[in-house]
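Read the structure below first, then the notes.
The values are calculated or read from the model by the stated rules, or taken from the named source; none is laboratory data. Since this is a predicted model, take the numbers as computed values, not measurements. Cβ placement follows ideal geometry from the backbone for every residue including glycine, while neighbour counts extend to all protein chains displayed.
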Amino acid sequence: MIRSLIIEDEKPALTRINGFLDMLPDIEVLETTDSGKIAASLIDELKPDLIFLDIHLSDISGIDLFHLVSYRPLVIFTTAYNQYAIRAFELQAIDYLLKPFSFERLKVAVKRAKEMLDGNMSSEQNIKSLLSQWSPQKECLTRIPSKIG
């Protein structure tokens, strides 16, 4: 059983993630919170195996949360912002899910977490696996519409 926390400040996203995790038999959600500061104390107190972490929280960023904790669980970032992906992987995140993500995509991330917890996947294998699946959205315009006259 993977013991987890959900740290998310958007109610619809929290409901969606929690609902998805309820459908997975090997995940136990210990707590949910929308506060990074509360999450820091929960992480150090409960020592979860895995956290689902939003980048933008109600009080601090999900990335800043790492400076407040001594215990380091596995992390799956769940966010609408793709520009933080590199920073997330520098913090050794095991996955980076862009909202809105599907149940199938979440299952892949949880499977990766389970393999890492079971010792069946190294960090290098995880990075290669992530890079093979991750396709950033194109950020430049190819056309600009205009009205003349």
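Side notes on the structure shown:
Residue by residue, here is whether (1) out of contact with any Ser or Thr (no Cβ under 9 Å at 6 or more places or on another chain); (2) crowded, with 18+ Cβ neighbours inside 10 Å; (3) of a type in the set (Phe, Trp, Tyr); (4) in contact (Cβ under 8 Å) with a residue 40 or more places away in the chain holds:
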site: 8; (1), (2), (3), (4): no, yes, no, yes
site: 27; (1), (2), (3), (4): no, yes, no, yes
site: 34; (1), (2), (3), (4): no, no, no, no
site: 39; (1), (2), (3), (4): no, yes, no, no
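- Residue that is surrounded by the fewest Cβ atoms within 10 Å (Cβ to Cβ), among those in the stretch 63-94 that are outside any loop (DSSP other than H, G, I, E, B) and hydroxyl-bearing (Ser, Thr, Tyr): 84
- Set 97, 106: member being aliphatic (A, V, I, L, M) and either at pLDDT 95 or above or part of a loop (DSSP other than H, G, I, E, B) (or both): 106
- Selection within the stretch 10-25: residues that are in contact (Cβ under 8 Å) with a residue 24 or more places away in the chain and not in a helix (DSSP H, G or I). The member of this set that is nearest to residue 57 (Cα to Cα) is 10.
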